[in-house]
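One structure below.
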Amino acid sequence: MRSTIGMQTIRLLDVVRDPSLIPFVYDYCDQWCRYCRATPRCLFYRTRDEGRAGDPRDPLTVERFEAMLEEGTRFAAAIADVTGSAVAQLDYDLAAPERSPGPPAIGDPLEVLGRTYMMRANRFLVRSGLDISRDPYFDDATPEKIVAWHHMLIASKIFRALVAADRARHGVDLQADALGTAKLVLVSIDRTLAALGEMGRRHRGPDPGVLTGTLTALRAGVEARFPGARAFVRVGLDGAATC
Ligand code: SF4
């Protein structure tokens, strides 16, 4: 059992039975627990290792980031073992390079554009001087923080949506997962474009024009490739769609 690498399966099963939880809310969130309204009803949040991952309000140091990644992998492994979920299995596969799928997702024009955006955003953030590891907590995220948090997420989740769509074409039950992941990408792009717009209006720091252009093209590409994504409802996250 993969779950022997980390989380206690018995504890997980106990927690899963709690009716106050929103089922699978963690599947299509932006993983920014620091600003999430679903934390009290999220299984991932409920079972996280607080000692290693720290308080979500803590600054995001490299150590915390690595602990969060490890935790995510252990969680996916445990959920895949307990539920047999193809979604959790995909999470687990994507967590390590040796298990991660290659073509056709790697090299797909959308994947390439997502990676290009991530690298451009990275350079932009370096030039803007944001040091997220020293970032204090505020009730609302600043535009800089929004761009920083979402730039890797956008690239990695486009890849994930492409892999899910490819597996779905080969008979794996991941069609809805591809749409849910594409919805997450679109929401992240929308938030980032709004944040870049605010930064641009301040006329301070580097010009966000190139990033805006890349993201706008990316959004059009995702909408064309996943036409049902906008309408996908992420229960617990989209509008009043809680349960
Ligand atoms: S749903 Fe919220 S609390 Fe749960 S993992 Fe996602 S961001 Fe964190």
- May I ask you to rank 44, 124 by accessible area, largest first, using a 1.4 Å probe over the protein chains only? 44, 124
- Calculated from DSSP helices alone, with each H run of at least 4 adding -39500 (n - 2.57) and the total divided by the residues of the chain, [θ]222 nm to the nearest 500 comes to -19000 deg cm²/dmol
- Task: Could you tell me how many degrees, from 0 to 90 and to the nearest 10, lie between the Cα long axis of helix 209-225 and the main elongation axis, the longest principal axis, of the Cα atoms of the chain?
- Result: 40
- Note on the structure: Over the stretch 109-225, with neighbouring protein chains present, the accessible area per residue in Å² at probe 1.4 Å is 47
- If you take the Cα Rg of the stretch 120-213 and divide it by 2.2 N^0.38 Å, with N the number of residues, what do you get? 1.27
- Share of the chain's accessible area from carbon and sulfur, percent, 1.4 Å? 57
- Convex hull projection area averaged over all views, the chain, Cα basis, nm²: 13.3
- Note on the structure: The local net charge around residue 34, scoring Lys/Arg +1 and Asp/Glu -1 for residues other than residue 34 whose Cβ lies under 12 Å from its Cβ, equals -2
- Could you tell me which trypsin sites (Lys or Arg not before Pro) in the stretch 163-221 are loop residues by DSSP with no more than 13 other beta carbons within 10 angstrom of their beta carbon? 204
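The values are calculated or read from the model by the stated rules, or taken from the named source; none is laboratory data. Bear in mind that the values here come from a model prediction, so they are computed numbers and not experimental data. All Cβ positions, glycine included, derive from the backbone under ideal geometry; neighbour counts span all protein chains shown. Side chains are part of the model used for accessible areas, which takes the heavy atoms of the whole protein and leaves out ligands, DNA and RNA. Shrake-Rupley method; radii C 1.70, N 1.55, O 1.52, S 1.80 Å.
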